[in-house]
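For reference, the structure discussed in these notes is given below.
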């Protein structure tokens, strides 16, 4: 039983290390993407200023917006923000799939070995 506890502890440490590595990878990718996200956000800020300008009539908003930022650029900015922005959670679980092979090699023996005797009257 002590060996199984040790194996579970080792698995816990292994998974913790993989989670930490995935988090660091996600943070590095996020930092690389910030420049594009900032550029798109600044262009959208310009749109916000046009919309909020009390001297501009509602009927001319689209014309004024597309005069400042071409429609194609605006579509790219919206796609960039949709791709690069994150919800309030900072999990990077999608990066764990890169480590699946390592985790899968480790899982069968410590996790499934305690179940071998089940159903045979053992506890």
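The values are calculated or read from the model by the stated rules, or taken from the named source; none is laboratory data. Model, not experiment: these values are computed from the prediction. Methodologically, a virtual Cβ is constructed for each residue, glycine included, from the backbone with ideal geometry; neighbour enumeration extends over all protein chains shown.
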Seminar exercise, completed: Given the conditions (1) modelled with pLDDT under 65; (2) in a helix (DSSP H, G or I), every one holds for residue 43 apart from (1)
Seminar exercise, completed: Of the residues in the stretch 1-23, those that are within 16 Å of the chain's Cα centre (by Cα) and either surrounded by 12 or more Cβ atoms within 10 Å (Cβ to Cβ) or not in a helix (DSSP H, G or I) (or both) come to 18, 19, 21, 22, 23
Exercise. Would you say residue 63 is over 30 Å from residue 14 (Cβ atoms) and modelled with pLDDT under 90?
Worked result: no
